[in-house]
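Asker: Once you've had a glance at the structure underneath, I'll fire off some questions.
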Amino acid sequence: LALVGKGLPAHTEAVARLHRGALALRFAEPDLALADLARAQRLATDLGLAELRAQVTYQEAGHATLRGEWDLAEKHAEDAFALQQRTSLWGANWCRLVQRMTVRWGQGRLDEVAAELVEETVGEFAGLRPVALLALAE
């Protein structure tokens, strides 16, 4: 990000801001996370790239989740899923499932997605097994 304004492509800046925003949340710097998300949102809108808009929207879903705004989190997650499905990026369904699990967990409705999570661990989403196990344990 030190290269912003010195030749760094806008797409690269947006991705860097999304990564730093996630780290900022991890290190309890929510204002920095929100500032980076806002800048990434503007860049994603200006650039019009579905891949970038999907990543921004997933991060919006994460922020809504942290605030306990379950309906908004689910809306953002579904919007991001729809955007990502139009791209060549891997993992749209994986992201959707993890976000749905998180929302349902927060709503006390985890049982609604447990079976789907377990089913998806059989194929290409073996990485979902810990999430599915958590859903079953809950």
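Asker: Please give me, ordered by residue number, the GluC sites (Glu not before Pro) of segment 79-132 that lie in loop per DSSP and have at most 14 other Cβ atoms within 10 Å. Show your work: numbers first, answer last.
Answerer: On the way: sites: 112, 116, 119, 120, 124; in loops: 124.
Answer by residue number: 124.
Asker: Enumerate by residue number the chymotrypsin sites (Phe, Trp or Tyr not before Pro) in segment 52-126 meeting two conditions: DSSP loop (anything except H, G, I, E, B), and at most 13 other Cβ atoms within 10 Å of the site's Cβ.
Answerer: 90
Asker: Something else: Treating only the Cβ of Lys, Arg, Asp and Glu as charged (+1, +1, -1, -1), what charge dipole size does the chain show about its Cα centre? Round to the nearest 20 debye.
Answerer: It comes to approximately 480 debye.
Asker: Please list the equivalent ellipsoid semi-axes of segment 31-129, computed as the square roots of five times the alpha-carbon gyration tensor eigenvalues, in descending order and whole angstrom.
Answerer: 24, 18, 9
Asker: Calculate what fraction, in whole %, of the accessible area of the chain sits on carbon and sulfur atoms when a 1.4 Å probe is rolled over the protein chains.
Answerer: 57
Asker: So what's the back-of-envelope 222 nm ellipticity for the chain, counting only DSSP H runs of four-plus at -39500 (n - 2.57) apiece and dividing by all residues, rounded to 500?
Answerer: -24500 deg cm²/dmol
Asker: Also, I was wondering about something else. How much accessible area per residue does the chain have, in Å², with a 1.4 Å probe?
Answerer: 56
Asker: Taking trypsin sites (Lys or Arg not before Pro) as exposed when DSSP calls them loop (any state but H, G, I, E, B) and at most 10 other Cβ atoms lie within 10 Å, what is the longest stretch of the chain free of them, the sites themselves excluded?
Answerer: In short, 68-138.
Asker: Only four residue types carry charge here, +1 at the Cβ of Lys and Arg and -1 at the Cβ of Asp and Glu. Report the dipole size of segment 2-57 about the Cα centre in Debye, rounded to the nearest 20.
Answerer: 60
Asker: Right, here's the next one. What are the equivalent ellipsoid semi-axes of segment 74-138, built from the alpha-carbon gyration tensor (square roots of five times its eigenvalues), in whole angstrom, biggest first?
Answerer: That gives 20, 15, 7 Å for the three semi-axes.
The values are calculated or read from the model by the stated rules, or taken from the named source; none is laboratory data. Note that the structure is predicted; figures quoted are calculated from it, not measured. Here the Cβ is made from the backbone with ideal geometry for all residues, glycine too, and neighbour counts use every protein chain on show. Side chains included, ligands, DNA and RNA excluded: accessible areas come from the protein's heavy atoms. Shrake-Rupley method; radii C 1.70, N 1.55, O 1.52, S 1.80 Å.
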